[in-house]
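Each value in this text was obtained by applying a stated rule to the coordinates, not by laboratory testing. The shown structure was predicted, so the numbers you read here are calculated from the model rather than taken from an experiment. A quick note on method: Cβ atoms are made from the backbone with ideal geometry, for glycine too, and the neighbour counts reach across all protein chains shown.
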Amino acid sequence: MEGGLALDTKSGWQTGGEAGPAVQPGDLAASPLIQAVRYQDETTAMPPKAKLPPIEIALLETWVLLGAPDPRP
């Protein structure tokens, strides 16, 4: 867990890390996670070694647009 950010739980991305919440449900532009996987800023790009395939980025974007639901019961 880098920068205090945990993405494996809803409370993790809601609380966020050092930079605050990672996701703003329903808002791609206000979701730092989306900006990071889109590689819009080299200093925050995730994952750091290589950009995700476009389909994986699209899946994350869809998840955010759907309100970032937690699939666990």
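Tabulated data
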| item | result |
| --- | --- |
| Neighbour cut-off at most 14 other Cβ (10 Å), DSSP loop, trypsin sites (Lys or Arg not before Pro), the stretch 1-56 | K49, K51 |
| Extension gain, T9 back to L59 (0.36 nm per residue minus Cα-Cα distance, nm) | 16.3 nm |
